[in-house]
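Read the structure below first, then the notes.
The values are calculated or read from the model by the stated rules, or taken from the named source; none is laboratory data. All values reported here derive from a predicted model rather than from experimental measurement. Here Cβ is always computed from backbone atoms with ideal geometry, including for glycine, and neighbour counts include all displayed protein chains. Protein only, heavy atoms only, side chains kept; ligands, DNA and RNA dropped before computing areas. Shrake-Rupley method; radii C 1.70, N 1.55, O 1.52, S 1.80 Å.
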Amino acid sequence: MNSTLRRLAILAFTFASANIMAGQVLSVDPAKMTRLGTVDERFQSYNIEMVEVTGGRFWKPYSSQTKSPGQALSTQQAAAPIAGLGADLFEYRPPIDLSNSRLRKLAAALGPAYVRVSGSWANSVYFQDSDAAAPANPPSGFGSVLTRKQWKGVIDFARATDAQLATSFAISPGTRDPGGQWTPDQARKVLAYTKSVGGRIAAAEFMNEPNLPTFGGAPKGYDAAAYTRDLAVFKPFLKQNSPGTLLTGPGSTAETPDRPPRPIPGFLSTDALLTATGPAFDVFDYHLYAAVSQRCAQRSPSSGTSAEDALSPEWLSRSEKIATFYAELRDKYEPGKPIWITETADAACGGNPWASTFLDTFRYLVQHGRLAQMGVKIIMHNTLSASDYGLLDEKTFTPRPNYWAALLWRKLMGSTVLDAHLSTPHSVYAYAHCLQDHLGGVALLLVNADQQHSYQLNLPSDAEGYALTAEHLEDKAVLLNGKPLALLSDDDLPQITGERVHAGKLTVAPKSIAFVAIGNANNSTCR
């Protein structure tokens, strides 16, 4: 980067800047910020899709040059992964190497966390409860095979990265008796093997996305009544065989409060599911996708979005609207239960082309900041390293901009959520938490999604500033205080340090994100 560009990046923190946003300077008093609530220490978590573990066809990256699934694949490898979607949307991956040292280092840096191993592919996975090699084709009624070795790799990965394991179980025709009733034989084998190798499943859904049964490999005609019958078998089974495991559900998706459901075959509303089941879960969870990606937008163009809108207030507020919708369902059917989001990213179907760039980092942090204020306890990003919405590049495990944002959140934003008492201008977002591991300290997250104007904040005391910028919004490289963030030669993370910000008017540049650590805030709530 040349010196001019670096200087521009450093202007994310300055005391003088052109194009200051009109209006009075915002003032903050960190000592008087009041408590809104708390998030779980594992608030910022992530998914590894089951299809990554077994190997199989997942969402094809936009950059891929692969033209077809190839002729040398086995039946399992070439099988249609999701009913009703074209084969060209997917690409085969071999099983992920969860022992990779770079992957483990980067995941551990986000810990403590939950790692959720699930997804639509998990609904039809067969667990081979022996040490024999996986067959070329899965048994009838299943779509893929999970070996002991692969599942042991998941358990070892979770242990090595300070992650608790969340999952779901197979519900496809192969798990059912002649009358179509779900049986726990497969789930029992998974739980028993997990325990035998010293693992533990901390949280489990019965199935992935029960309101999309057609996409998820459920039996033909699966409805709310069938889900209720299955859950009536699964819940006591889980409590007996894994009494410490939280039952999360229903895990619905694809619902928005301001427009009708997308045209999805067999769609079931969460309202219908919960009316049928009654109170059933330890944790109320759902999947939050505010749009479908360009891969799937041809099925429902109105459900997509664009890079041009990625910083718009309308787009950045969609997560809040969806969260409000599901919170109302929680209050109606599961009052008082914690709310988790067990899958989220910029868009369903593998993410948009800009999901891997700095442009999506604004959504990532606004979503986390606002949903923490709304009482969401856990957010599991999809995915850690697969397709365009992964925090890491899937081939090299190189961090993408959202990973660096996640790392800064983990370093600075504690579990206590504060009211910043800031009425911010248009396209500016401000959040406050107690400063991580610092008694009395406060951390501010300031997101300036305005593309032209800076804005000013009057700080009462000195602080440490961490400004994220990029030369171009759709860059995959991100700068911290004007310096490129990159792994060191031994795959270690660089030292993440802030710059001294003196008391006075702090100017936050357009198209930039700033974390501000105020160690001497003397906030009594944070003691």
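What the table below lists for this structure:
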item: Any chance LEU268 is over 17 Å from the mean Cα position of the chain (by Cα) and buried (at least 21 other Cβ atoms within 10 Å of the Cβ); result: yes
item: Given (1) touching a helix residue (DSSP H, G or I) at 6+ places or on another chain (Cβ under 8 Å); (2) of a type in the set (Ser, Thr, Tyr); (3) part of a loop (DSSP other than H, G, I, E, B), index of the condition THR416 fails; result: (3)
item: Given (1) at pLDDT below 95; (2) closer than 30 Å to ASP490 by Cβ, index of the condition ALA420 fails; result: (2)
item: Exclusive hit being open to solvent by 10 Å² or more (accessible area, probe 1.4 Å) and under 17 Å from GLN367 (Cα atoms), set SER423, SER427; result: SER427
item: Matching residues in the range 495-527 - criterion: being exposed (fewer than 14 other Cβ atoms within 10 Å of the Cβ), of a type outside the set (Val, Ile, Thr) and without any contact (Cβ under 8 Å) to a residue 40 or more places away in the chain; result: GLN495, ARG500
item: Matching option when the condition is without any contact (Cβ under 8 Å) to a residue 60 or more places away in the chain and in contact with a Leu (Cβ under 9 Å, 6 or more places away or on another chain), among THR253, THR305, THR270; result: THR270
item: The range 34-50: number of residues that are over 24 Å from ALA158 (Cβ atoms) and surrounded by 24 or more Cβ atoms within 10 Å (Cβ to Cβ); result: 0
item: Candidate set: the range 157-177, residues that are open to solvent by 40 Å² or more (accessible area, probe 1.4 Å) and closer than 22 Å to ILE378 by Cα; chosen: the one nearest to the chain's Cα centre (by Cα); result: GLN164
item: Qualifying positions in the range 317-357 - farther than 22 Å from THR275 by Cα, hydrophobic (A, V, I, L, M, F, W, C) and either outside any loop (DSSP other than H, G, I, E, B) or touching a helix residue (DSSP H, G or I) at 6+ places or on another chain (Cβ under 6 Å) (or both); result: ALA348, TRP354, ALA355
item: Sole residue being of a type outside the set (Lys, Arg), open to solvent by 60 Å² or more (accessible area, probe 1.4 Å) and over 24 Å from VAL376 (Cβ atoms), chosen from GLY217, GLY221; result: GLY221
item: When residues of the range 236-283 are limited to those that are in a loop (DSSP other than H, G, I, E, B) and at positive phi, the one modelled with the lowest pLDDT; result: GLY266
item: Qualifying residue in the range 149-172 (condition: aromatic (Phe, Trp, Tyr) and farther than 17 Å from PHE237 by Cβ); result: yes
item: Positions within the range 294-306 being at pLDDT below 95 and either in contact with a strand residue (DSSP E or B) (Cβ under 6 Å, 6 or more places away or on another chain) or of a type in the set (Gly, Ala, Ser) (or both), in sequence order; result: ALA297, SER300, SER302, SER303, GLY304
item: Unmet criterion (only one of (1) closer than 28 Å to ILE379 by Cα; (2) among the aliphatic types (A, V, I, L, M); (3) free of Cβ contacts under 8 Å to residues at least 60 places away in the same chain) for MET207; result: (3)
item: In the range 213-243, the residues that are small (Gly, Ala, Ser), over 26 Å from the mean Cα position of the chain (by Cα) and closer than 25 Å to PRO81 by Cα; result: GLY221, ALA224, ALA226
item: Members of the range 310-332 found to be open to solvent by 70 Å² or more (accessible area, probe 1.4 Å) and over 18 Å from the mean Cα position of the chain (by Cα), listed by number; result: GLU314, GLU328, ASP331, LYS332
item: Selected residue [over 20 Å from SER385 (Cβ atoms) and free of Cβ contacts under 8 Å to residues at least 24 places away in the same chain] from ALA280, ALA297; result: ALA297
item: The range 368-392, subset open to solvent by less than 10 Å² (accessible area, probe 1.4 Å) and farther than 25 Å from PRO94 by Cα, residue nearest to the chain's Cα centre (by Cα); result: ILE379
item: Complete set of residues in the range 432-452 that are in contact (Cβ under 8 Å) with a residue 24 or more places away in the chain and more than 21 Å from LEU473 (Cβ to Cβ); result: ALA432, HIS433, CYS434, LEU435, GLN436, HIS438, LEU439, GLY440, GLY441, VAL442, ALA443, LEU444
item: Subset of the range 112-137 [more than 30 Å from GLU41 (Cβ to Cβ) and of a type in the set (D, E, K, R)]; result: ASP129, ASP131
item: Where GLU471 falls short, out of the listed (1) out of contact with any Leu (no Cβ under 6 Å at 6 or more places or on another chain); (2) closer than 30 Å to GLU308 by Cα; (3) surrounded by fewer than 19 Cβ atoms within 10 Å (Cβ to Cβ); result: (1)
